[in-house]
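One structure is given below, encoded as structure tokens.
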Amino acid sequence: MATNSLAEPACRVLVVSGQGESLTTARAVLALGGQQMLVAPSGPAAIALLDAQSVDAILIDLEDCLDDCIGLCTRLRALPGYSFTPIIIVTQATDCDTWRRAFAAGCDDILRKPLEPVVLRARLDNLLRKAESAHDLERVRHNLSRYVSPRLQQILQSEQTDQSAVPREQDVCILFSDIRDFSAKAENMPTEELFAMLSRQLGSQVESVYAHGGYVDKFGGDGIMAVFDGSDMMRAACRCAIDIMASTRKLAAQSSTECMPLGIGIHRGPVVAGNIGSGSHLDYTVIGKTVNLAARLCGHAASMDIVVSDVIQAALHDHNEMGFRNGRRVRIRGFSDPIQLFSLTPDRSQRLTVVNG
């Protein structure tokens, strides 16, 4: 719900009151400023009115409202879109308990009767400006949250995240995806069509990662790096990879444009997790040999192939929902000993063959 300043004619204020003095004063103040006043004599009437239209502020007369006004304040605050809407309670009460309960129920301000027009206008104007700032901040937070995965948000909220935070070692499962021969294919595709296709494919991959409890560490141009943690991280990463391949095939069948084939690599092992960067720009990421090997495995994947390390195969070879084939030993740049690789398949009946080399 958009909130306008008091000076704008579109501003609408709901007054929950009967025919008391506060209603008369509010009508005079709002009319002088060109604002629209809506009136509800009771809580149910106020709720019904807000179901039909939105308002920018709410004024409740504690003595003249035909309802439990403090309870009404709680109900109004819980309505969708009214988290930041100013709620002012007008009352004759002077006892601290009433005021404490009113603020606890979610009201923003309390004004004593009889209402002073200058005070009402000044308080309302100030609260409307604060509400508008709160809505703007919420929109910014919502937009920024689209750039950070839900799982990563949880990690950052639960840990110290300033630049002095000490990196820590943890065991994770890393998934890399990459479009095969992307550069060559991109040369012959119009820019808008290329970005639309890439957005669809990467968006589908991100949804699969989230669905399986992982988070996207970064986009690599035409692929992603995803991180999975927890006791079931290897199975989650493998099921995610299988779903990504299935989604890619589905997109190819549904799209009039070419859906580019993927390669995926998965490995589990220790990483160092923490902030990298300066005070003005930080990036929470994971680094280490585990990350490097997962990226290399992705490079060894053929078109629409999922390559996993022997660590993954050894842990999941008994799972009925997936199989491993084409086992082979490969020398990988940056690693002194040959690495045994396997191709992951959703069909456990696939025959496992191992090639020594």
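Read-outs throughout are calculated quantities, based only on the coordinates presented, and are distinct from any laboratory measurement. Computed from a predicted structure; not experimentally measured. Cβ atoms come from the backbone with ideal geometry, glycine included; neighbour counts cover every protein chain shown.
Couple of notes before you dig in:
- Averaging the sequence gap over all C-alpha pairs within less than 8 Å and six or more residues apart, then dividing by the number of residues, gives the stretch 12-145 a relative contact order of 24 percent.
- Check: the chain dipole with +1 on Lys, Arg Cβ and -1 on Asp, Glu Cβ, in debye: 1120 debye
- The dipole here belongs to the stretch 278-349: it is taken about the Cα centre, uses +1 on the Cβ of Lys and Arg and -1 on the Cβ of Asp and Glu, and is about 340 debye.
- Reference-scaled alpha-carbon Rg (2.2 N^0.38 Å with N residues) for the stretch 12-145: 1.02
- The protection proxy used here, the mean number of other Cβ atoms lying within 10 Å of each residue, ranks peptides 301-307, 53-59, 283-289 as follows, highest first: 53-59, 301-307, 283-289.
- Coupling constants for the stretch 116-121 follow from the phi torsions by the Karplus curve (6.51 cos²θ - 1.76 cosθ + 1.60, θ = phi - 60°), and in residue order they are 9, x, 5, 5, 4, 5 Hz; glycine and proline get x.
- Dipole of the chain, positive direction: furthest Cα of I306, M260, Q19, with charges on the beta-carbon: I306
- Here is the tail figure for the stretch 150-355: Cα pairs spaced more than 24 Å apart come to 43 percent of all pairs.
- Given their separation in residues at 0.36 nm each and the Cα-Cα distance between them, S133 and D51 gain 27.1 nm when the chain is fully extended.
- Set against the 2.2 N^0.38 Å expectation for a compact globular protein, the chain has a Cα radius of gyration ratio of 1.45.
- Partners of K218 within straight-line reach, counting lysines whose Cα lies under 25 Å from its Cα and excluding those fewer than 8 residues away in the same chain: K185, K250, K289.
- Computed on the Cα trace of the stretch 175-294, the radius of gyration divided by the Kirkwood hydrodynamic radius gives Rg/Rh = 1.00.
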